[in-house]
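What follows is a short report on a single structure.
The values are calculated or read from the model by the stated rules, or taken from the named source; none is laboratory data. Computed from a prediction, not measured in an experiment: that's the story for all the values here. When we count neighbours, we look across all protein chains shown, and the Cβ atoms used for this are built from the backbone with ideal geometry, even at glycine. What goes into the accessible areas is simple: the full protein's heavy atoms, side chains included, and nothing from ligands, DNA or RNA. Shrake-Rupley method; radii C 1.70, N 1.55, O 1.52, S 1.80 Å.
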Amino acid sequence: MWLNALLLALRSIRRNLLRSILTILGIVIGVGAVITMVTLGNGATLSVQQQISSLGTNLLMIRLGQRQGPGGGGGGGGGIQPFKESDVTAIQSEIGGIAAAAPEARAAVTVVGNGRNWATNVTGSTNDWFTIGNWKLASGRMFEPDEQLAGSAVCIIGETVRREIYGGAVGTLIPGAQLRIRQFSCNVVGVLVSKGQGGMGNDQDDIVVVPFHTLQRRVTGTRTVNTILVSMEPGSERTRIKASLRQLLRERRKLTDSDDDNFNVLDTQQIADALSGTTKVLTTLLGAVAAVSLLVGGIGIMNIMLVSVTERTREIGLRLAIGALGSEVLLQFLIEAVALSALGGVIGIAIATVASYALAHVMGVPYVFDSTINLLSLLFSAAIGVIFGYFPARRAAHMDPIEALRHE
Amino acid sequence: MSAVLIRLSAVTKSYGSGQARLMALQGIDLEVAAGEFLAIMGPSGSGKSTAMNILGCLDTPGSGQYLFKGAHVESLSRDQRARLRRRFLGFVFQGFNLLPRTSAQENVELPLLYRGDSATVRRAGAARALQSVGLAGWEQHTPGELSGGQQQRVAIARAIVTAPAVVLADEPTGNLDTQRSHEIMALLVALNRDHGITVLMVTHEPDMAAYARRQVHFVDGRIARDEANAHPATAPAAPTETV
Ligand SMILES: Nc1ncnc2c1ncn2[C@@H]1O[C@H](COP(=O)(O)OP(=O)(O)OP(=O)(O)O)[C@@H](O)[C@H]1O
Ligand SMILES: [Mg+2]
């Protein structure tokens, strides 16, 4: 009986090839869309989470300028008095719950080494800067205290700069390597472990770090500090720390009660929240689009089945009239419906895997295989097939043969 | 006469209910012996098809008794009636009712498939049945590629492929021209004469009814006349294939 039903189902699929293909197509589109969207959504979420953790959530950034929101332009703050190095020391010594604080200044430069050019940014700061930014050394060493004081010609480079200038294996430091930054040449003493793409889509590894005094004396020629980075001890009250930071800086910058702040304190937690909020919206949007395509696929299948139900009802009547049992007819239709939708589901999964892998690559998010959504989609497609293919047939198989034959 | 194969006693059938209730059959008594060739005639709406469907176990009587080979059909379950159909009955419909886009071979095989025959048995049986209706060589043609007469012959091949005891044909020539109609009649006559298959046939045309050895006339859901035909028309030569 099973074998016969299988044979009959296969014959029926072959006989109604176009209808079968359309049914499969509906499911392929639905399943493919859902899996692709969810996989990409997962990838985007993961990528944001990675960026957040690479940023560190206990970080405060103090910048010059008036009331900038997260992601506001770089610390231009023209005309506003810059921070001083002593501000950094004061923060470290006077506010509790601070793990480290470091001044930061940047300049866009073209570096030359090993006969190659590379346009990048040079950052001047202290060893604390590495701790605060969660940077690890892949090879080499940090700055020596006397190098920091004297503003020696030493630098530590990011993975991108290392690759572009020196090439070779990831993280390797060529002993005695020299790098020319504008007018001066420095010894490359360390290579940083890669952190990948940053929260704004920038390449965090495209970086050269020199001691703060080195940058001031040999690159920018000023003593200004535009940004101060502060990392808090884990579990400390960030509101209290932010409030005391503000208080301290207002005093040190001699602002009166009527003056507005001419600096602002940026909390990476806020940036993280904003980013994860964005991915949540993104994932919801993708989910909605996928749900619509699934719905469209489902409606397509329903349409096909409704159109064919008249023909099918008469076919069932005929089969019953020439001696089929109701259960045999039903089994045939069940096998047919499940076979079509399962095939559609499998093709959909295959296409979705290829598509989401390729799209994840294009979008620069990791590809995360989600077995749950694959399994769910397969079950869902089988269910659609059963509901839309089997139930109309069930109704017909319970009719008297003559009634089904006469169906219009 | 040989044993009684079919006996209807006071069979009624009504459609609808209340005001719209319509008595399609108002009490039919009919006995058919094995090996008979019986034509059912009567005006449109007189209940011929209704009676035929009940005789073919496709439908159940509203009241009354239907004995087929001594079994009370009216009290059988759906599946029991299906088993009866596939063992003893072959049905030829007015509208052919072949599966579309399916070869003659597969259409004719279908009853054997439901009976559980193996692929070789099915193929041989279908070939034999198609040959006996003069369609050898047309096995792979789909209904769309066959003429009306050929389609009806495929339908007859499907009805006889299980070697049934009874072939029921409801206006088998209703859609065919005179020439094709006579060919179909020749086939039915041959089945009845050479294989001893009981043939019950509904027809409007006296020409076709003339082939039968007994004619039953329906009027308003009752049998008005039931008469023997002493001199059935002789069939033209059974059709060998004509294109
Ligand atoms: N499924 C049905 N529902 C309602 N009424 C029906 C149904 N089938 C038949 N009838 C009615 O029952 C009566 C008998 O119908 P039946 O089909 O048996 O007539 P018939 O003798 O075969 O007519 P014809 O020669 O036109 O085929 C008719 O009045 C018809 O309208
Ligand atoms: Mg009729």
Could you please state, rounded to a whole Å, how far the C-alpha centre of region B:97-139 is from the C-alpha centre of region A:86-117? 89
For chain A, just the Cα set please: Rg and Dmax, both in angstrom. 32.9, 103
Using only DSSP helix segments of four residues or longer, with each worth -39500 (n - 2.57), what per-residue ellipticity at 222 nm results for the protein assembly as shown after dividing by its residue count and rounding to 500? -15000 deg cm²/dmol
So between A:Arg395 and A:Leu3, what do we pick up on full extension, going 0.36 nm a residue minus the alpha carbon distance? 138.8 nm
Largest first, what is the accessible-area ranking of B:Lys48, A:Lys195 with a 1.4 Å probe? A:Lys195, B:Lys48
B:Phe91's amide H: which non-local residues (gap 5+, or another chain) put their own amide H closer than 5 Å, with H modeled 1.01 Å from N in plane and none for Pro or chain starts? B:Leu168
Working with all protein chains in place, sort A:Val154, A:Val265 by solvent-accessible area computed with a 1.4 Å probe, largest first. A:Val265, A:Val154
Checked against a 25 Å limit on the C-alpha separation, the offending pairs among A:Lys136/A:Lys280; A:Lys195/A:Lys242; A:Lys136/A:Lys242; A:Lys84/A:Lys254; A:Lys84/A:Lys136 are A:Lys136/A:Lys280; A:Lys195/A:Lys242; A:Lys136/A:Lys242; A:Lys84/A:Lys136
So, with points 7 Å from each Cα along the Cβ direction, the A:Ala355-A:Tyr367 label distance in nm works out to 1.5
Diffusion coefficient in µm²/s returned for region A:268-408 by Stokes-Einstein, Kirkwood Rh over C-alpha pairs, 37 °C and 0.692 mPa s, is 183
If one computes P(r) from the Cα atoms of region A:82-252, what percent of pairs lie at distances over 30 Å? 19
If you restrict to DSSP beta bridges whose two residues both lie in region A:82-252, what percentage is antiparallel, to the nearest 5? 75
Taking a ≥ b ≥ c as the square roots of the eigenvalues of the Cα gyration tensor of chain B, is the shape rounded (a/c under 1.5), prolate (a/b larger than b/c) or oblate? prolate
Of A:His213, B:His72, which has the most accessible area with a 1.4 Å probe, and how do the rest follow in descending order? B:His72, A:His213
Area accessible to solvent at B:Glu139, 1.4 Å probe radius, in Å²: 40
Shielding score for B:55-66, defined as the mean number of other chain Cβ atoms within 10 Å: 2
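Looking only at region B:135-243, where both bridge partners belong to it, what percent of the DSSP beta bridges are antiparallel (to the nearest 5)?
Taking every DSSP beta bridge with both residues in region B:135-243, the antiparallel ones total about 55 percent.
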Calculated from backbone phi, Karplus (6.51, -1.76, 1.60) coupling profile of region A:173-186 in Hz, x at Gly/Pro: 10, 7, x, x, 5, 10, 9, 9, 10, 6, 7, 10, 10, 10
Inter-chain Cβ neighbour average for residues A:321-333, partner chain, 10 Å: 6
Rounded to whole Å and ordered largest first, report the semi-axes of the equivalent ellipsoid of region B:48-111 derived from its Cα gyration tensor (root of 5λ). 26, 14, 9
Measure nothing fancy, just the Cα-based angle from helix A:371-385's long axis to the longest principal axis of chain A, in degrees from 0 to 90, nearest 10. 30
If we sort B:182-191, B:128-137 on the protection proxy, mean other Cβ atoms within 10 Å, highest first, what's the order? B:182-191, B:128-137
Roughly how crowded by other chains is peptide A:12-18, in terms of the mean Cβ count from those chains within 10 Å of each of its Cβ atoms? 2
Does region A:212-274 come out rounded, prolate or oblate, given a ≥ b ≥ c as the square roots of the eigenvalues of its C-alpha gyration tensor, rounded meaning a/c under 1.5 and, failing that, prolate meaning a/b above b/c? oblate
If I take every Cα pair under 8 Å that is 6 or more residues apart in region A:82-252, average their sequence separation and divide by the length, what percent do I get for the relative contact order? 34
Relative to the longest principal axis of chain A, what angle (0 to 90°, nearest 10) does the C-alpha long axis of helix A:85-94 take? 70
Is region A:147-244 rounded, prolate or oblate when judged by the Cα gyration tensor, a ≥ b ≥ c being the square roots of its eigenvalues, rounded requiring a/c under 1.5 and prolate requiring a/b larger than b/c? oblate
quick note, the protein assembly as shown, DSSP beta bridge pairs, % antiparallel (nearest 5) is 70
What nm value, rounded to one decimal, do you get for the distance between B:Gln26 and B:Arg87 when each label is placed 7 Å out toward the C-beta? 3.7
Nearest 0.05, what FRET efficiency do B:Arg128 and A:Arg406 give at R0 = 51 Å with Cβ-Cβ as r? 0.95
